[in-house]
Amino acid sequence: MPVYSISHVENVRVCVVMVGLPARGKSLIAQKIVRYLSWLSIKSKCFNVGSYRRKIAGVTGADADATFFSPNNEEGLKFRQEAVNQAIKDMMSWFLDENGVVGILDATNSTRDRRSKILKLCRENYIEPLFLESWCNDEDLIKQNILDVKTTSPDYINKDSEFALSDFMKRIKFYETNYQTLNQDIDSNLSFIKLVNVNTQIILNRIESYLESRIVYYVMNLHIKPRAIYLSRHGESLYNLTGKIGGDADLSERGWKYAKKLPELVLKSLGEENINTDLTVWTSTLNRTQQTASFLPYKNKLQWKALDELDAGECDGMTYEEIEKQFPEDFKARDDNKYEYRYRGGESYRDIVIRLEPIIMELERQENILIITHQAVLRCIYAYFMNVPQEESPWMSIPLHTLIKLEPRAYSTIVSRIKADIPAVSTYKEKGTSQLGEFDNITSKSRDLLKGSSDGK
Amino acid sequence: MSHSIEDYEINHGFGSAPIEPQSPTAGKRTRKRWSFHESAKPNLVERPSVASSQGRRRLSDVDGVHKHINSDYISPAQLYSTESGRLFHAGKICIILAGLPGRGKTHLSVSLTRYLRWLGVKTHVFHLGDYRRKNFDADLDQKLFIENNNERLKLIDQCVNDILNFLENDLGQVAIYDAVNPFIKNRVELDAKFKKLNIQTLFIESSVTDDKIILKNMESAAKSSPDYVNWDYDKAYQDYSKRIEGLTPYYQPMGMEDDHNKLSYIKMINFGERIELHNSSYGYLINKVVFFLMNSRIKSGSVFFARCYNNSVDFSDDPPLDEEGKRYARNLSMTLMDYLKSQGKNYFDNSPEQSLHSNNSSSLSLKKQYSVDEKHLPAGADGVDENSFVVWTSVKSRTVETTRFFKDKNIKIRSRIQLSQKNPGIVGSMTEEEIAEKFPTEYEQFLKDPYHHRFSRAESYHDLAIKIEPLILEMERMSGDILIIADETVLKVFYGYLMASSCFDIPSLHFAQDEIIEMKFNAYSNMSKTIGIKDYS
């Protein structure tokens with residue numbers, strides 16, 4: 001039950017209509033909105049017209065090079081129109097059949113004519129259209145995005161990279177010829193957000209419902225510069241050795257070893273050429289994360305109370321075996337619904353998500369960053385970036401002494417694991433047992449989510 | 001003093017603290033989320049009403065939004081406390097308003113203060129008008145508003161000096177400076193002065209192109225501005241419009257000169273119709289301000305609080321209303337309907353065909369009348385019209401059934417899960433004595449901090465405050481009247497928001513069963529009024 005989610009969703013349906021030339025970060029923004037809303041338990045889905053186009057054109061064998069996007073290519077126009085129609089049709093039936101709340105139409109929607117068609121369709125179906133334009137004339141930023149797109153876009157799989165670059169530039173040129181930006185005078189009647197050069201200027205026009213304001217608020221905190229987010233648990237602690245949960249213990253000997261090795265791991269991953277990068281480091285206010293950060297050479301280290309481990313309340317300082325013995329009902333209740341279960345006098349995973357929200361906003365605003373925190377908090381942060389469903393995220397295994405690197409891209413987030421090769425106990429608890437460790441008879445399908453990622457160098 | 005945590009925060013962000021090696025005390029976690037105020041209790045000597053009435057507090061009608069806040073002040077929706085009292089890595093900020101009179105600046109600055117305080121940001125609003133009134137008793141010489149004469153500059157100096165003291169010495173995080181600020185030159189100077197002291201500035205200009213809004217604001221100023229206490233309404237109205245007229249030629253809008261390119265500013269047009277952010281490399285906190293601005297509207301209506309019938313029902317039970325409850329529902333509805341009618345509101349005269357947006361008409365039957373060529377109000381946006389009335393209840397049967405009489409009159413009813421009573425957990429059906437006997441240590445903790453304490457399986461008031469934040473912003477969006485029928489625990493938290501109460505006050509507030517509380521919005525401060533529920537049987 002989405003107790004804490006945005007209210008009123010029973011009445012509002014919003015269609016976010018993306019507007020902007022290629023390589024303006026539209027897909028990235030669209031994906032992020034979906035991720036954020038899902039994290040908050042609001043049903044949302046992105047409809048990417050590009051993938052419809054590939055599907056439709058692919059069948060008839062039309063090849064995706066730039067000429068396909070020429071305003072004079074009639075066959076191309078026909079396919080593109082069909083792709084838009086199909087995407088909109090699917091979106092409308094998603095709203096109706098699956099009770100969707102926020103649908104995102106990810107396409108250039110670059111002409112006023114196209115936009116007014118979508119507008120009418122939305123109004124016919126009692127859906128609020130919210131136009132979101134990313135407008136940019138900062139050449140460097142555009143180039144960065146182009147490089148990113150050409151390496152990850154499905155349009156250029158198996159294509160020579162020079163070709164991809166020049167072809168993509170050509171495609172943008174075609175779009176530029178008839179692009180009409182949102183204008184506060186002409187379009188004053190629409191609900192729209194216009195982001196100019198990645199939020200240096202923002203225009204918000206007629207934001208008329210709470211849900212819309214919430215989406216706008218989130219988007220305002222986004223940037224589309226490439227970056228890496230490093231996540232790590234603290235080094236092995238004295239409590240970890242004895243299987244106790246919570247507490248504010250110091251690192252074990254092996255934990256200190258990890259702390260000493262961490263600077264090297266980070267630098268290796270950043271690349272020697274970035275030796276002077278001033279990485280931002282965040283920790284919790286608890287000793288074990290600060291000790292883990294203590295050998296990092298970066299100046300900008302901050303501790304946040306919101307990154308503290310899940311508060312186990314009365315169970316703080318106990319082992320799972322002790323909890324099972326002393327509070328058998330609680331122990332079972334937690335296994336049954338780990339996301340909602342709140343420790344006596346303590347917190348639940350949902351509570352963490354709520355207190356993390358301000359941090360998530362601040363995190364979206366950061367560039368390269370390393371976060372050293374705790375198992376439960378890391379699960380929630382990881383779930384946010386990787387769109388892990390609520391019921392699964394508390395069961396993910398996140399081993400000690402492992403650095404996780406996330407690189408958000410337009411079409412996906414690249415995850416890699418960097419192991420420190422320093423042994424540590426396992427703090428993973430499988431459903432239905434009080435014993436720690438990862439056993440072969442897996443009951444939680446999400447446990448090994450992280451293991452599927454590549455081993456980073 | 002010079003190398004204190006304060007200095008560290010100025011350079012690295014507020015709420016942050018340097019990471020230093022700490023004494024190796026392996027053991028239980030000592031610092032909980034609320035550790036900094038564990039011993040802080042309200043001063044009962046100065047508030048005799050608390051000590052006398054068995055911990056039950058009558059609702060005061062004083063809005064706390066202008067109250068001085070101490071460094072140990074914990075606000076209702078604050079997520080955690082910090083040693084410095086400042087939250088987030090947001091720095092110190094001075095929000096400087098600009099705009100002609102009648103543009104809703106006072107309303108904006110006060111409601112923003114309320115919201116930020118509620119979030120736990122130490123915020124104080126400084127109205128230049130207060131300084132003028134203090135120094136020039138009843139003297140409404142127009143020159144004081146316009147010219148850069150010495151008297152005016154002296155007032156500004158006093159006000160700015162208080163702002164700096166608040167930020168530097170009282171651990172304030174956000175100061176809101178409410179004044180016309182008509183001159184570009186002064187704005188640039190202010191900006192430079194604050195920046196030198198590591199205080200970020202953000203200008204918010206309220207401009208209005210819709211004359212209707214100005215007229216409405218003028219009416220409300222003539223009625224309720226502290227400048228016109230004991231004035232004849234017509235005279236006050238004339239004087240106010242003369243003031244606006246006199247100032248208009250001098251006013252220099254933001255964004256017209258190159259100087260402004262350096263300033264961070266928000267232009268707010270027609271109270272939220274359009275919001276433009278310029279030069280924004282803003283932090284989380286400022287984005288939150290914009291979030292509020294998107295939802296802030298000028299209020300014409302009131303919020304009415306009424307308790308739902310029978311609070312003693314077990315939390316998990318959901319019985320329908322009994323006969324007594326039905327009588328209560330009828331009396332409550334009739335009382336409010338009569339009251340609203342006496343205020344000249346005619347929500348209840350509509351015949352069913354006239355009210356297109358009511359709950360009863362299905363969307364299908366509407367379809368034909370719905371033109372796709374013009375903009376419509378969003379389906380879920382309530383209370384956009386200042387002449388609207390919406391009822392909120394929880395999802396429990398007894399509160400939903402209580403709204404029957406309103407539903408019959410085609411009033412919009414919204415059931416919200418967030419309005420369910422505070423989950424009392426395992427102590428649900430126990431009396432306080434029983435709790436004290438059965439869980440003595442927990443009870444002791446509860447007495448120390450009734451706002452944050454959670455009994456096993458229970459919710460705290462703080463949990464409610466976090467939960468209803470969306471509703472609070474929706475409430476801010478709605479211009480018309482709202483009736484909230486809910487359990488007392490929820491009403492306390494809403495009331496706490498509207499009256500800017502601290503979290504020490506909220507648990508002991510008391511709502512009588514036979515009363516409706518009306519919260520009236522006012523630019524400067526909110527007021528509460530009691531309406532006795534009459535017997536119509």
Report summary line: Scanning the range B:408-455 residue by residue, those of a type in the set (Ser, Thr, Tyr), surrounded by 17 or more Cβ atoms within 10 Å (Cβ to Cβ) and under 26 Å from residue B:119 (Cα atoms) turn out to be B:420, B:451
Query - The listed residue being touching a strand residue (DSSP E or B) at 6+ places or on another chain (Cβ under 6 Å) and either over 20 Å from residue A:289 (Cα atoms) or in the same structural domain as residue A:276 (by TED's automatic domain parsing) (or both), out of A:356, A:363, A:406 - result: A:406
Report summary line: Checked the range A:68-119 for anything loosely packed, with under 14 Cβ neighbours inside 10 Å and within 26 Å of residue A:183 (Cα to Cα); matches are A:71, A:81, A:113
Query raised in the report: Consider residue A:222 against the criteria (1) modelled with pLDDT of 90 or more; (2) in contact with an Asp or Glu (Cβ under 7 Å, 6 or more places away or on another chain); (3) open to solvent by less than 20 Å² (accessible area, probe 1.4 Å): it satisfies all of them except one. Which criterion is unmet?
Result: (1)
Query raised in the report: Which ones in the range A:78-126 are touching a strand residue (DSSP E or B) at 6+ places or on another chain (Cβ under 8 Å) and hydroxyl-bearing (Ser, Thr, Tyr)?
Result: A:108, A:110
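How many residues does the range B:185-216 contain that are hydrophobic (A, V, I, L, M, F, W, C), farther than 30 Å from residue B:387 by Cβ and surrounded by fewer than 19 Cβ atoms within 10 Å (Cβ to Cβ)?
Residues meeting the conditions: 3.
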Report task. Kindly indicate whether residue B:227 is open to solvent by 50 Å² or more (accessible area, probe 1.4 Å) and either among the charged types (D, E, K, R) or not assigned by TED's automatic domain parsing to the domain that holds residue B:112 (or both). Result -> no
Query raised in the report: In the list B:61, B:162, B:139, which residue meets the criterion of being at pLDDT below 65 and touching a strand residue (DSSP E or B) at 6+ places or on another chain (Cβ under 9 Å)?
Result: B:61
Query - Verdict on residue B:219 being surrounded by fewer than 17 Cβ atoms within 10 Å (Cβ to Cβ), under 24 Å from the mean Cα position of the chain (by Cα) and assigned by TED's automatic domain parsing to the domain that holds residue B:117 - result: yes
Query raised in the report: For residues in the range B:385-407 being more than 14 Å from chain A (Cβ to nearest Cβ), open to solvent by 40 Å² or more (accessible area, probe 1.4 Å) and in contact with a Gly (Cβ under 9 Å, 6 or more places away or on another chain), which is nearest to residue B:476 (Cα to Cα)?
Result: B:386
Query raised in the report: Is it the case that some residue within the range A:368-383 is assigned to a helix (DSSP H, G or I) and of a type in the set (Lys, Arg)?
Result: yes
Query raised in the report: Does residue A:258 qualify as being part of a helix (DSSP H, G or I), away from every other protein chain (no Cβ under 14 Å), under 18 Å from residue A:370 (Cα atoms) and in contact with a helix residue (DSSP H, G or I) (Cβ under 8 Å, 6 or more places away or on another chain)?
Result: yes
Query raised in the report: If a residue has to be open to solvent by less than 40 Å² (accessible area, probe 1.4 Å) and either over 17 Å from residue A:311 (Cβ atoms) or within 9 Å of chain B (Cβ to nearest Cβ) (or both) to count, how many in the range A:334-344 make the cut?
Result: 1
**Report entry** residue A:278 open to solvent by 30 Å² or more (accessible area, probe 1.4 Å), modelled with pLDDT under 85 and more than 11 Å from chain B (Cβ to nearest Cβ)
**Finding:** yes
Requested in this report: With respect to residue A:190, determine if the residue is more than 8 Å from every other protein chain (Cβ to nearest Cβ), over 18 Å from residue B:474 (Cα atoms), open to solvent by 10 Å² or more (accessible area, probe 1.4 Å) and at pLDDT below 95.
Outcome: no
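The values are calculated or read from the model by the stated rules, or taken from the named source; none is laboratory data. Predicted, not measured: the structure shown is a model, and the values here were computed from it. Backbone-built Cβ (ideal geometry, glycine too); neighbour counts: all protein chains shown. All accessible areas refer to the heavy atoms of the entire protein, side chains included, with ligands and DNA or RNA removed. Shrake-Rupley method; radii C 1.70, N 1.55, O 1.52, S 1.80 Å.
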